[in-house]
Amino acid sequence: MLRMLLSAAAQLLLTPPPLAVSAPFVRFRSGHESRSRQASSCAAANELPDSEAGWMTVLSPNQFAILRSAATEPPGYSAETEGELEFELNREYRTKYPQVGAYACVGCGTPLYHARQKFSSGCGWPAFYDGVEGAIEERPDEDGSGSIEIVCAKCKGHLGHVFKNEGFPTPTDERHCVNGICLRYDPSVEQPDSIEAVPAGLRLGGIPD
Ligand SMILES: [Zn+2]
């Protein structure tokens, strides 16, 4: 009986969500997951799955929920959850804003954001004032809210949303609000000298964190 219930629950989780594809927390599971599937997803960089079933084999359930079904991780999740992007940045580099390298898509391995483009918006998700040229596509969110969805240009994985003209003193005054689970930090990726840095403690109202 228990096995049947678990099976039924698994089926529910695998069922595509209804119309509200960007509704917060859709199908997102709480708790830390193994990073092992991220490693396997990197191996898939040159040969991307051509079906949602294929994506399920290379992404963890939470990665799949966000990248392929436009779910949203809870605010603070990335910084507060062991194994997740910002938690591990803090642990390894003593900062969420290392100034070298790039953040790559966990779906296809494409570098999406330069390290110096990351800033603290105070919103609870990793934030960037711009992305690697040509790596990110913007499109109206299907939920009809008028917000702008951002996806990886190569694998079309959902990343989050971009907000503009909020008053941040960054080079663009844009805030790419990205689910940390979509990104893998790679300190070895070169970034052009032209990429401007922002104060590491920048946040709403200019109050350092
Ligand atoms: Zn991608």
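The values are calculated or read from the model by the stated rules, or taken from the named source; none is laboratory data. Note that the structure is a prediction, hence the values are computed from the model and not measured. All Cβ positions, even for glycine, are placed from backbone atoms using ideal geometry, and neighbour counts span all protein chains on display.
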**Q.** strands (runs of 3 or more DSSP E) contained entirely in segment 88-168, each with at least 1 residues that are exposed (fewer than 15 other Cβ atoms within 10 Å of the Cβ), within 14 Å of the ligand (Cβ to nearest atom) and not hydrophobic (A, V, I, L, M, F, W, C)
**A.** 136-140
(Q) Tally up the residues in segment 48-82 that are touching a Phe, Trp or Tyr at 6+ places or on another chain (Cβ under 7 Å), touching a residue at least 24 places away in the same chain (Cβ under 8 Å) and more than 28 Å from TYR97 (Cβ to Cβ), please. (A) 3
Q. Which ones in segment 173-189 are closer than 17 Å to LEU112 by Cα and touching a strand residue (DSSP E or B) at 6+ places or on another chain (Cβ under 8 Å)?
A. GLU174, ARG175, HIS176, CYS177, VAL178, ASN179, CYS182, LEU183, ARG184, TYR185, ASP186, VAL189
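How many of the residues in segment 119-128 are at negative phi and at pLDDT below 95?
4
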Q. Within segment 34-44, can one find any residue that is among the charged types (D, E, K, R), at pLDDT 90 or above and surrounded by 17 or more Cβ atoms within 10 Å (Cβ to Cβ)?
A. no
Q: Give segment 56-74 a look and list any residue that's within 11 Å of the chain's Cα centre (by Cα) and within 15 Å of the ligand (Cβ to nearest atom), or say none.
A: GLN63, ILE66, LEU67, ALA70
